[in-house]
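For reference, the structure is listed below as structure tokens.
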Amino acid sequence: MTARILDGNQIAREMRGEIRQRVETLKERGVVPGLGVLLVGDDPASRSYVTAKERACEQAGIYSSEIRLSADATLAEILAVVNDFNRDARIHGILVQLPLPDGKMEQTVLEAIDPAKDVDGFHPVNVGKMMLGLPTFLPCTPHGILHILKRSGIETSGRHVVVVGRSNIVGRPLANMLSQKSAFGDATVTICHTRTRNLSDFTRSADILIAAAGRPNTITSDMLREGAVVIDVGVNRVEDATRERGYRLTGDVDFEAVKEKASAITPVPGGVGPMTITMLLYNTVESAERTLVET
Ligand code: GUN
């Protein structure tokens with residue numbers, strides 16, 4: 001079997017078209033959706049994500065304001081930027097690019113974001129609402145994955161989904177959403193992680209296998225059953241002297257071998273990545289729409 005390629009770029013294009021229309025409607029009603037972005041330090045991957053997010057905002061007609069602080073910025077300096085965004089009526093969504101250079105600050109900074117503007121869905125109030133299945137901002141990468149599955153006609157109800165990776169950004173919220181009683185969920189979910197024994201015993205029983213471990217070649221073709229659906233969340237930079245920039249991007253899955261066994265698979269790049277940014281735009285527009293409902 002050669003897998004169907006689940007084209008995240010194509011799905012993202014469709015959704016961004018829908019988002020642009022919602023932005024137009026908002027503008028007709030006098031509201032320009034706005035995203036505030038804070039980047040601390042100069043990690044190259046973070047810098048390129050932030051640039052991609054800004055470009056996507058511009059294309060969607062969303063106003064964006066970017067603040068960059070140096071890697072040695074103090075907690076007070078970071079919180080001052082977050083508070084300015086919280087107070088700024090032009091800003092409907094706030095994104096603090098993670099990881100912060102000082103990881104110990106992260107939770108304090110995330111908790112300083114107004115939950116009504118927390119378009120990443122990382123504030124504990126929004127994590128709690130997500131967990132309870134209440135309306136909230138869903139974290140962008142897991143939310144994007146749900147849309148890839150839905151829009152590709154891949155049923156989750158009653159299927160066994162194995163998520164490899166337990167991060168707060170991807171693995172755990174995704175497992176939670178997929179297990180909920182909802183049109184995007186109703187799955188039986190197993191979370192695997194670095195302490196899982198005999199990982200392949202679990203992955204081989206997956207109808208849908210989601211690799212979010214952050215390590216190349218975590219999933220090899222012997223680890224899945226014929227016909228499984230594979231979603232690769234990994235974005236790993238590996239050195240490659242043949243490329244002008246000196247590296248190439250690769251996922252967590254051994255794509256070439258796995259695509260011969262899976263029924264469907266997301267590529268890297270061009271799979272989950274474009275959907276993450278799309279869902280950020282989606283949440284920002286939703287936040288702006290809420291201001292109209294509330295007034
Ligand atoms: N770093 C990696 N993924 C994300 C994300 O979804 N949001 C933010 N803010 N930082 C990230």
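The values are calculated or read from the model by the stated rules, or taken from the named source; none is laboratory data. The model shown is predicted, which means the values in this text are computed figures rather than measured ones. In this analysis, Cβ positions are derived from the backbone assuming ideal geometry, glycine residues included, and neighbour counts consider all displayed protein chains. Surface accessibility is based on the protein's heavy atoms, side chains included, excluding ligands, DNA and RNA. Shrake-Rupley method; radii C 1.70, N 1.55, O 1.52, S 1.80 Å.
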Aliphatic (A, V, I, L, M), closer than 17 Å to LEU280 by Cα, touching a residue at least 60 places away in the same chain (Cβ under 8 Å) and within 13 Å of the ligand (Cβ to nearest atom), is that true of LEU100? no
In this structure, does ALA71 turn out to be part of a loop (DSSP other than H, G, I, E, B) and either within 15 Å of the ligand (Cβ to nearest atom) or touching a strand residue (DSSP E or B) at 6+ places or on another chain (Cβ under 9 Å) (or both)? yes
Matching residues in region 216-240 (open to solvent by 30 Å² or more (accessible area, probe 1.4 Å) and either on the phi > 0 side of the Ramachandran plot or more than 17 Å from the chain's Cα centre (by Cα) (or both)) number 10
Can you name every residue in region 159-192 that is part of a loop (DSSP other than H, G, I, E, B) and open to solvent by less than 60 Å² (accessible area, probe 1.4 Å)? GLY165, SER167, VAL170, GLN180, SER182, GLY185, ALA187
Scanning region 93-108 for residues that are touching a helix residue (DSSP H, G or I) at 6+ places or on another chain (Cβ under 9 Å) and closer than 12 Å to ASP43 by Cβ, the one surrounded by the most Cβ atoms within 10 Å (Cβ to Cβ) turns out to be LEU100
Note: among VAL164, VAL125, just one is more than 16 Å from the ligand (Cβ to nearest atom), within 26 Å of HIS92 (Cβ to Cβ) and not polar (S, T, N, Q), namely VAL125
Selection count, region 117-138, where residues are buried (at least 18 other Cβ atoms within 10 Å of the Cβ) and part of a helix (DSSP H, G or I): 4
Quick test for you: out of ARG47, ARG55, ARG22, ARG13, pick the one residue that is within 15 Å of the ligand (Cβ to nearest atom), in a helix (DSSP H, G or I) and either free of Cβ contacts under 8 Å to residues at least 60 places away in the same chain or more than 17 Å from PRO139 (Cα to Cα) (or both). ARG47
Please name all residue pairs, on different chains or six or more residues apart, with Cβ atoms under 8 Å, provided the first residue is in region 121-139 and is on the phi > 0 side of the Ramachandran plot and the second residue is of a type in the set (Phe, Trp, Tyr). GLY121/PHE137
For region 241-255, check the following and say yes or no: at least one residue is assigned to a helix (DSSP H, G or I), open to solvent by less than 40 Å² (accessible area, probe 1.4 Å) and not basic (Lys, Arg). no
Quick test for you: out of HIS143, HIS123, HIS147, pick the one residue that is out of contact with any Cys (no Cβ under 6 Å at 6 or more places or on another chain) and within 26 Å of LEU69 (Cα to Cα). HIS123
